[in-house]
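Encoded as C-alpha cells, the structure appears first; notes follow it.
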Amino acid sequence: MNTHNFSAGPAVLPQPVLAKASAAVIEFNHSGMSLLEISHRSKDFMAVMEKAKQLVKELLGVPDGYSILFLQGGASLQFAMVPYNLLPEGGTAAYINTGVWATKAVKEAELFGNTQVVASSKDRNFCYIPKGFSIPSTSAYLHLTTNNTIYGTQYKTFPQSPVAVVADMSSDIFSKKVNVADFALIYAGAQKNMGPAGATLVIVKDDILGKTGRKIPSMLDYRVHIEGESLYNTPAVFSIYVSMLTLEWLKDNGGLSWIERVNEQKAALFYSELDANHAFKAIADVADRSLMNATFVLKDETLEPEFTKMLKEANIIGLKGHRSAGGFRASMYNALPLESVKVLTDVMKEFGKKFG
C-alpha cells in the first residue's frame, strides 16, 4: 500500500529521485565508491555542484549579478547571517512577522542592530498576511517569510518596498514562478521542495554585500562562500546531490509553470472539500491560504481519535498540526501526488458523513 506523506518537512520526495539517490549511495558515477565517500573537491562532485547551481538559475530565472550558494545550518542560521551581512552598525531593519519562523528571524536580528516590526498578524494568531502598512525608506532591508508552514498562510503578491527585500522561501521555493529580481536575497532550507535536510540555498545580489562596516567571521560571511564557490568548508554532499536530482525532475516535467498548475490543482481539491465539509473548520483566511500547507481543525475536537484512526487506515501520515498551533496540517509539496490529496479528501468526506 502506498504511503500518503503529508509531512511538513523533512517531506515527500519524487520516487525517481529516491531511486537515483539510492543507487548513488552504493556507487556513484562508476567510481567504485559511494556518493557518501567521494571527495567534495573531486571532479564528480564539482560537476554536481555546478549543475545544481545552473538548475537553480535556469528554473528561477536568476539574473546576472546574483550568486547562488549551497550552505548549511538551515534557515535558522540565515536568521543571523542576514543581519550580520546586511544590517550596518546603527542601522535599522524592517521585518514582517507572520509566524513562528518570522518571530525567530526578528529575535536573531535584534542581536545585530535595531529592528522594526512594520507589520504583524500576531493579533489573530497569524491566520492572515498583513496588508496596507508602510516600509521606512531608511531601513537597511525588509525581511519577510513567503509561506508560513505552521499557520498555513502564504503571500500571493509581495509588498512594494523602497528598500532591499530579503525573503525566507524555505517552504514554497520552486513551487511557483517568482521574479528573483524583486529580491536582494532569498534563502531556503532544502527539506521541503528541494531535497533532504542538510543544505540551504542562498541567492544573493552581489552588490548589497560588504556595506555593514563590521568584521564577519569567515563561516558567516556570504562573500567568503561566494569566493569559495560554496566549497569554503565541506558541503552537504548528499543533500546537494539529491537537490540537483529534484531540480532535474522539476525541469524535465515542465519547470515552474508545470508545478504551479499542479500545486494549484491539489490545493483547489483540498480546500473545496474543507469548505464543504461540516466536520472541519479552516484556520487561515481564505485570501491568504497557502498552497503548500493547509491548516484546519475538527469542529468537535473530541472526535480527533476517530479521525486519526481513519487516517491511519488509509495510510495517511504527517497530518498532525505543529505543536504550537494544534489541529491538523496537510503539507502538499511538489512531490506529493494528486492521488494522495484525493485519498485524504475521500477520508474527510467519509468522516463528514459520519460525524458532520
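The values are calculated or read from the model by the stated rules, or taken from the named source; none is laboratory data. As the structure is a computational prediction, the values presented were derived from the model and not from experiment. Virtual Cβ from ideal backbone geometry, glycine too; neighbours counted across all protein chains shown. Protein only, heavy atoms only, side chains kept; ligands, DNA and RNA dropped before computing areas. Shrake-Rupley method; radii C 1.70, N 1.55, O 1.52, S 1.80 Å.
Numbers below:
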item: Any hit, segment 16-31, residues being closer than 18 Å to T234 by Cβ and in a helix (DSSP H, G or I); result: yes
item: Search result, residues across segment 191-209 that are part of a helix (DSSP H, G or I) and open to solvent by less than 30 Å² (accessible area, probe 1.4 Å); result: none
item: Segment 315-334, subset touching a residue at least 60 places away in the same chain (Cβ under 8 Å) and open to solvent by 20 Å² or more (accessible area, probe 1.4 Å), residue nearest to E273 (Cα to Cα); result: R329
item: Residue ID - surrounded by the fewest Cβ atoms within 10 Å (Cβ to Cβ), chosen from residues in segment 283-303 that are under 25 Å from the mean Cα position of the chain (by Cα) and more than 21 Å from K176 (Cβ to Cβ); result: V297
item: Any chance K266 is of a type in the set (D, E, K, R) and without any contact (Cβ under 8 Å) to a residue 40 or more places away in the chain; result: no
item: Condition check for A188: crowded, with 24+ Cβ neighbours inside 10 Å, aliphatic (A, V, I, L, M) and farther than 23 Å from E58 by Cα; result: no
item: Candidate set: segment 121-164, residues that are over 25 Å from I208 (Cβ atoms) and of a type in the set (S, T, Y); chosen: the one farthest from the chain's Cα centre (by Cα); result: S121
item: Filtered residue count, segment 106-137, keeping only those that are open to solvent by less than 70 Å² (accessible area, probe 1.4 Å) and either of a type in the set (D, E) or part of a loop (DSSP other than H, G, I, E, B) (or both); result: 12
item: So N85, is it of a type in the set (S, T, N, Q) and buried (at least 21 other Cβ atoms within 10 Å of the Cβ); result: yes
item: Candidates A93, A75, A140, A102 - the one that is in contact with a Gly (Cβ under 7 Å, 6 or more places away or on another chain), hydrophobic (A, V, I, L, M, F, W, C) and either open to solvent by 60 Å² or more (accessible area, probe 1.4 Å) or under 21 Å from R323 (Cβ atoms) (or both); result: A75
item: Strands (runs of 3 or more DSSP E) enclosed by segment 253-356 - at least 1 residues per element that are under 18 Å from K192 (Cβ atoms) and among the β-branched types (V, I, T); result: 293-298
item: Flag for V163 being part of a helix (DSSP H, G or I) and of a type in the set (V, I, T); result: no
